[in-house]
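Taken together, the values in this text are just the output of simple stated rules run on the coordinates, not laboratory data. Quick caveat: nothing in here was measured; it's all calculated off a predicted structure. No Cβ is skipped: glycine too gets one built from the backbone with ideal geometry, and neighbour counts run over all protein chains shown.
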Amino acid sequence: MNGEAVESLEIRRRRLQFRSWHRGMKEVDLMLGRFADKHARDMTAKEISEFESLLELPDPDIYNWIVGAEPVPTEYDTKTLRQLIEFYRVA
């Protein structure tokens with residue numbers, strides 16, 4: 001991976017962390033922000049893309065999936081979302 005690609009990933013990781021903490025619904029900010037703080041630096045480009053896509057979704061949906069109040073629709077059932085859900089099942 002060249003230096004420019006690494007820098008781009010680092011920028012995406014920092015942006016991901018910021019966006020995770022500044023969404024609107026405080027409970028989801030806390031969930032996504034803590035997860036991003038712990039895992040963003042180790043995420044692959046694909047995982048970053050999955051998380052970025054998740055950040056585009058409504059807070060109530062994300063919250064309900066994390067707490068298990070609603071099943072995760074197949075189209076959003078990614079490795080990254082499963083890691084996020086597991087992160088809070090263990091915590």
*Would you mind calculating the relative contact order of the chain from Cα pairs under 8 angstrom and at least 6 residues apart, reporting the percent as a whole number?*
27
_Summed side-chain charge close to His39 - residues other than His39 whose Cβ falls under 10 Å, Lys, Arg +1, Asp, Glu -1_ = +1
_Quick check on the chain: helices-only [θ] at 222 nm, where DSSP H runs of length 4 and up contribute -39,500 (n - 2.57) each and the sum goes over total residues. Nearest 500, please._
-22000 deg cm²/dmol
*Select from segment 41-78 those GluC sites (Glu not before Pro) which occupy a DSSP coil region and have at most 13 other Cβ atoms within 10 Å, ordered by residue number.*
Glu56
*If you plug each phi of segment 53-70 into the Karplus form 6.51 cos²θ - 1.76 cosθ + 1.60 with θ = phi - 60°, what whole-Hz ³J(HN,Hα) values come out, in order, with x for Gly and Pro?*
5, 4, 5, 7, 8, x, 3, x, 5, 4, 4, 5, 5, 5, 7, x, 6, 9
